[in-house]
1. Determine if the range 390-398 includes at least one residue that is in contact with a helix residue (DSSP H, G or I) (Cβ under 6 Å, 6 or more places away or on another chain) and among the β-branched types (Val, Ile, Thr).
2. As an exercise: evaluate residue 87 against (1) in a loop (DSSP other than H, G, I, E, B); (2) touching a residue at least 40 places away in the same chain (Cβ under 8 Å) and give the number of the one condition it does not meet.
3. Out of curiosity, is residue 279 under 30 Å from residue 363 (Cα atoms) and of a type outside the set (S, T, N, Q)?
4. State which residue is nearest to the chain's Cα centre (by Cα) when the search covers only the range 156-205 and only residues that are assigned to a helix (DSSP H, G or I) and of a type in the set (Gly, Ala, Ser).
5. Kindly establish whether residue 253 is under 29 Å from residue 413 (Cα atoms), buried (at least 22 other Cβ atoms within 10 Å of the Cβ) and either at pLDDT below 95 or not small (Gly, Ala, Ser) (or both).
6. Assess whether residue 233 counts as being of a type in the set (Lys, Arg), part of a loop (DSSP other than H, G, I, E, B) and in contact with a helix residue (DSSP H, G or I) (Cβ under 9 Å, 6 or more places away or on another chain).
7. I need the full set of residues from the range 131-173 which are charged (D, E, K, R) and crowded, with 24+ Cβ neighbours inside 10 Å, in order please.
8. Does residue 341 satisfy being of a type outside the set (Gly, Ala, Ser), at negative phi and either under 13 Å from the mean Cα position of the chain (by Cα) or modelled with pLDDT of 95 or more (or both)?
Amino acid sequence: MDLVNDECQAHAVSQHDVSTGHDDSTFLFRQSLLPYYGPELPHPCEHLLLDENIDHHIARLLASYSVDINRGFLPSVDPLPHLPLSSKFACWELLMMDLTRYLHAKNIRSAILSRLKIVHIEQNDLLDESELHRALLVLAVLSHAFVWGEKPISTYIPSCLAIPWVEITKRANRPPVLTHSLIALSNWKRFDVEKPIELGNIAMLNCFLSGIDEANFYLVIIELEFHGAKALKHMLRAQYFASKEKVNELVNELKAIHSIQKTIFATLVKTFDEVDPYIFYNRVRHFLAGWKGNPSLPDGLLYEGVSETRQFLYGASAAQSSLIAAFDVFFDVKHDSEHTREFISEMRFYMPPKHRQFLEILGIDKYNINHFVKKLTSSEQVQQESELLHAYNACIDQLVTFRNRHIQIVTLYILAQIRKNDYVQLDSKQQTDHPVNSNSKHSDETASSARGTGGTILMPFLKTCRDETIIQRLH
């Protein structure tokens, strides 16, 4: 970097620091705390008189919350593959083209520092939603690559990334950290746009180290989100028919949701065939981590040029999936134990703002499907009562089955890999005649305290989520 550019960049950093003047370790998280503005369209229960109008109204309602009736929380238009290379943001995209090679060479930090200048986001920049999502993804990936791509771990994000990233995330009401919605929902392309969003027809736009296992880890999630999308329509239909006390129609909607749940489960199981556990743990997982609840960054992370106070933000987590959250909201699964309450609540603010606002309308208490089923199954119509209770409990059981399989995946892909690495290190020490502690509990204790990329202690959190689902069964 030449002296003139160095001085200009230093001045920009100084001016930005003075203008922000933040000294709170949570202010970057709080920029995502968008107040709930209410539905742009009313819930079907409040509006419709004729059943035949329901699907049209639901499609419009979902669209008002940036939810597609066929794609769910995936964007209604396929993600933008890159920002315009003729724009001032081209420097980011050109670096993204070489990202994997820089990571392989372990010189990503010097590449970022030498190739990027501070690019400020002006009022007329990135007005197109696809461009905004692409910019959010690119800056998140480059920033996580800077932090985790070399050893030792970086304790700061340089101003050339931090300043534009914070400017963009503030506009988008998002925290400046890599999230589920960015790395998965906004990061794919189709080979044939006439075919579905599923394995065999989708590829990742960007990965970190790349390779088939890293790609497939995300692609399974993307397919899962696509298959689960239609459940959202049936949830709203179920609430509508329940409010009208139309039991047969409600049963049909619950059966449709259960069928979609089984498809989602079948997609989740593909992880075992498509992703190697060793590669996931050692080459993929660490790039998703954040800087809250992370022993590797106990003092948080500095966003250079934004604040002199280190910030604490969780990394990407399955708990940030608006789809999975929608199932919990619809079935009134209450995550209110000490292991889940705070984390699940905070994960809402790592979701796109309109998606979390959709969850608010889905969860309005007077549309609570659990209350409707309890009321309707207390009637004297024994046959209808039995069928409704069975359809409802089948959905709860399938959600429990999904969570049990997720626990199995975490056990194989994270906990078993931790134990394996411990044994390898122990064997290496023994072969080099170094003194070792032969305490056999070492591996189990390490695995039992393992944290997810979102920062939770994995097993207590996941098992509690499962148990909080089980108790929603009705008898």
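1. Our first condition is that a residue be in contact with a helix residue (DSSP H, G or I) (Cβ under 6 Å, 6 or more places away or on another chain); within the range 390-398, this holds for 391-392, 394-395, 398.
Narrowing the set further to residues that are among the β-branched types (Val, Ile, Thr) leaves none.
No - not one qualifying residue is present in the range 390-398.
2. If we test residue 87 against (1) in a loop (DSSP other than H, G, I, E, B); (2) touching a residue at least 40 places away in the same chain (Cβ under 8 Å), just (2) comes out false.
3. On the way: under 30 Å from residue 363 (Cα atoms): no; of a type outside the set (S, T, N, Q): yes.
In short, no.
4. Filtering the range 156-205 for residues assigned to a helix (DSSP H, G or I) gives 159-172, 180-185.
Subsequent filtering for residues that are of a type in the set (Gly, Ala, Ser) retains 159, 162, 172, 181, 184.
Working: 159: 25, 162: 21, 172: 16, 181: 5, 184: 7 Å.
So the residue we want is 181.
5. Details: under 29 Å from residue 413 (Cα atoms): no; buried (at least 22 other Cβ atoms within 10 Å of the Cβ): yes; either at pLDDT below 95 or not small (Gly, Ala, Ser) (or both): yes.
No: the conditions fail for residue 253.
6. Numbers: of a type in the set (Lys, Arg): yes; part of a loop (DSSP other than H, G, I, E, B): no; in contact with a helix residue (DSSP H, G or I) (Cβ under 9 Å, 6 or more places away or on another chain): yes.
Judged against the criteria, residue 233 is not a match.
7. Residue satisfying the conditions is 134 alone.
8. On the way: of a type outside the set (Gly, Ala, Ser): yes; at negative phi: yes; either under 13 Å from the mean Cα position of the chain (by Cα) or modelled with pLDDT of 95 or more (or both): no.
Answer is no for this residue.
The values are calculated or read from the model by the stated rules, or taken from the named source; none is laboratory data. Please read these numbers as outputs of a predicted model, since none were measured by experiment. All Cβ positions, even for glycine, are placed from backbone atoms using ideal geometry, and neighbour counts span all protein chains on display.
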